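Working notes, beginning with the structure itself.
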Amino acid sequence: MRTAEVVIAGGGVVGCALAYQLGRRGADVLLLERGQLGAESTGKCAGGVRQMFSHAANVRLQKVSLRLLQEFEVETGMDPELRQVGYLFVLTEPAQVADLRAQLRLWHAEGVTEARWVDPEEIQRLSPALNVEDVLGGTFCPSDGLASPAGVTQGYVSAARRLGARLEEGVALTGVSHNGGRVRQVETTTGPVATELLLCCAGAWSGEVGRLAGAEVPVLPYRRHVFVTGPFAAVGRRNPMTIDLSTAFYFHPEGDGVLFGMSDRDEPSSFRQEVDWAWLEQVVAVAAHRAPPLAAAGLKTAWAGLYEMTPDHQPLLGPHPNLQGFWCACGFSGHGFMQAPAVGLALAQMITGEAPAVDLSAFTPARFAAGRLESERNVI
Ligand SMILES: Cc1cc2nc3c(=O)[nH]c(=O)nc-3n(C[C@H](O)[C@H](O)[C@H](O)COP(=O)(O)OP(=O)(O)OC[C@H]3O[C@@H](n4cnc5c(N)ncnc54)[C@H](O)[C@@H]3O)c2cc1C
């Protein structure tokens, strides 16, 4: 029978980051991806990277992720295409103004001193396609921005393989055997593997992997759309990622066009990933008010992928409370691309007995059983 010190279920950016960081620490790693590496949520994501979160633990996590992305090419040999064009939150409700002003103090206290308050005039200058007539203000963080999900994932894959990690495509995890309350073996479509450590990095499918292990993993899938226009001069290459917090409508430059989207907060959980063109009409109706030039843009392509939501919109990171040797790195609730670098590093450090570069205790999977939520409010 094959053996592995660590089996990673799922080869999105999170699993690949962990394979690399564990490989760097000398662990014998086997990553199983049932489809293609990086082809699910990771390959469908908008590439946003920000530090403007409401929960201090997320701000700290994102400071580490940003540093790792800045060092990424030197470390892995792959350009992550980090473009620090900034993130711009646009606010239209008095309650948001009070909340984000308080968050600004948190960001400054956590060392993100470049984040600042912006008035409607500056918002208009930063993101000229916007209609700011009903905008009360906003926050802007110039060190936030965009990176390439494909580049980052491929960088981790190549670097992990150079370190001897085994990353296999077209192989699914199908079962988990345990006795004495701990993982002993996993079943896969290419045969059993003896292991005492299984990492659940299965994105929106993490609840299913949990069921295979007999452990509850509270992650639900939700469809999210992305639309991309053809060449579009009204949103320049340096335009920040712009987010209307009331509606969750957002856009950012993508090539010489624009990528935009909006979360359908009323759509129930499902694994559906086909494009719902009726939803585009609703997005365009919001765009017609918030960013009028965008409503008339010619569409080049569209797709839908899955968010992986937890009850408090925060990831599950660390050992599962009910099964020894079963660790979670899932439930990123729409932030997994930007969180993967720091999570991969800190979890690998915890697994190999090093002090983690950033404290992950807020994200322990044990929090729900203890009746604790660590809610994040800035979820798009
Ligand atoms: C439209 C959209 C926009 C987004 N925008 C952003 C953004 O701007 N910034 C950001 O940070 N995040 C964004 N996200 C969220 C981000 O894409 C995810 O949080 C992140 O990709 C999660 O990575 P992952 O590796 O956990 O999951 P995935 O990339 O989904 O990888 C999980 C993998 O597990 C595999 N798998 C499942 N079950 C099994 C099994 N039994 N055996 C083997 N393999 C299995 C799947 O095939 C899949 O490849 C967005 C998501 C969507 C859908």
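Could you work out the relative contact order of the chain? I mean the mean sequence separation of Cα pairs under 8 Å and 6+ apart, divided by the number of residues, in percent. Don't skip to the end; give the middle numbers.
Details: 886 pairs, mean separation 89.4, N = 380.
Relative contact order comes out at 24 percent.
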- Query: For all pairs of alpha-carbon atoms in region 241-380, what percent lies in each bin of width 5 Å, listed from the first bin to the last filled one?
  - Reply: 2, 8, 15, 18, 16, 13, 10, 9, 6, 3, 1
- Task: Given the peptides 90-103, 244-257, arrange them by the average over their residues of other C-beta atoms within 10 Å, most packed first.
- Result: 244-257, 90-103
- Return the whole-Å distance between the Cα centroid of region 302-332 and the Cα centroid of region 193-235. 8 Å
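Please give the FRET efficiency for SER270 paired with SER361, using the beta carbon to beta carbon distance and R0 = 30 Å, rounded to the nearest 0.05.
On the way: r = 32 Å, r/R0 = 1.08.
It comes to 0.40.
May I ask for the net charge around ASN131, where only other residues with Cβ less than 13 Å from the Cβ of ASN131 are counted and Lys, Arg are +1 while Asp, Glu are -1?
Working: positive: ARG290; negative: GLU133, ASP134, ASP244.
Surrounding charge for ASN131 is -2.
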- Query: Along the Cα-to-Cβ line of GLU168, 7 Å from the Cα, sits a label point; which residues in region 180-209 have backbone N less than 19 Å from it?
  - Reply: 184-202, 209
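Sorted by mean Cβ packing within 10 Å, highest first, what order do the peptides 188-199, 324-335 take? Intermediate values should be presented prior to the final figure.
Working: 188-199: 17.7, 324-335: 25.4.
Per-residue Cβ counts within 10 Å, averaged per peptide and sorted highest first, yield 324-335, 188-199.
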- Message: If a paramagnetic tag sat 7 Å from the Cα of THR190 along the Cα-Cβ line, which residues of region 18-40 would have the backbone N under 11 Å from that point?
- Response: 31-34
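Return a whole-number percent for the relative contact order of region 269-380, with Cα pairs under 8 Å and 6 or more residues apart as the contact set. Write out the running numbers ahead of the final one.
Working: 119 pairs, mean separation 26.4, N = 112.
Averaging sequence separation for qualifying contacts and normalising by length gives 24 percent for region 269-380.
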- Can you give me the Cα centroid spacing of region 87-118 and region 351-372 in angstrom? 27 Å
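What's the FRET efficiency of PHE368 with GLU75 using the Cβ-Cβ distance as r and R₀ = 30 Å, to the nearest 0.05? It would help to have the intermediate numbers written out before the result.
Numbers: r = 35 Å, r/R0 = 1.15.
Approximately 0.30, to the nearest 0.05.
Given the Cα-Cα distance of ALA278 and ASP256 and 0.36 nm per residue of separation, how much length would full extension add, in nm?
Result for the pair: 5.3 nm of gain on full extension.
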- Once you have the Cα-Cα distance between ASN131 and ALA39, take 0.36 nm times their residue separation minus that, and quote the gain in nm to one decimal. 29.6 nm
- Query: Can you list the residues of region 346-380 with backbone N under 11 Å from a point 7 Å past the Cα of ALA102, pointing along Cα to Cβ?
  - Reply: none
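Tell me, what is the per residue accessible area of the chain in Å², probe radius 1.4 Å?
Here the residues of the chain average 38 Å² of exposed surface.
Over all alpha-carbon pairs in the chain, figure out the percentage whose distance exceeds 32 Å.
Working: 22393 of 72010 pairs.
Percentage above 32 Å: 31.
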- With R₀ set to 51 angstrom, the calculated FRET efficiency between the beta-carbons of GLN124 and ASN322, to the nearest 0.05, is 0.45
- Note on the structure: Placing one equal point scatterer on each C-alpha of region 154-200 and summing with Debye, one gets log10 I(q)/I(0) at q = 0.13, 0.28, 0.31 Å⁻¹ equal to -0.38, -1.02, -1.09
- How big is the charge dipole of the chain about its Cα centre, in debye rounded to the nearest 20, if each Lys and Arg gets +1 on its Cβ and each Asp and Glu gets -1 on its Cβ? 660 debye
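The values are calculated or read from the model by the stated rules, or taken from the named source; none is laboratory data. Since the model is a prediction, treat every value here as computed from it, not as a measurement. A quick note on method: Cβ atoms are made from the backbone with ideal geometry, for glycine too, and the neighbour counts reach across all protein chains shown. Keep in mind that these areas ignore ligands, DNA and RNA; they rest on the heavy atoms of the full protein, side chains included. Shrake-Rupley method; radii C 1.70, N 1.55, O 1.52, S 1.80 Å.
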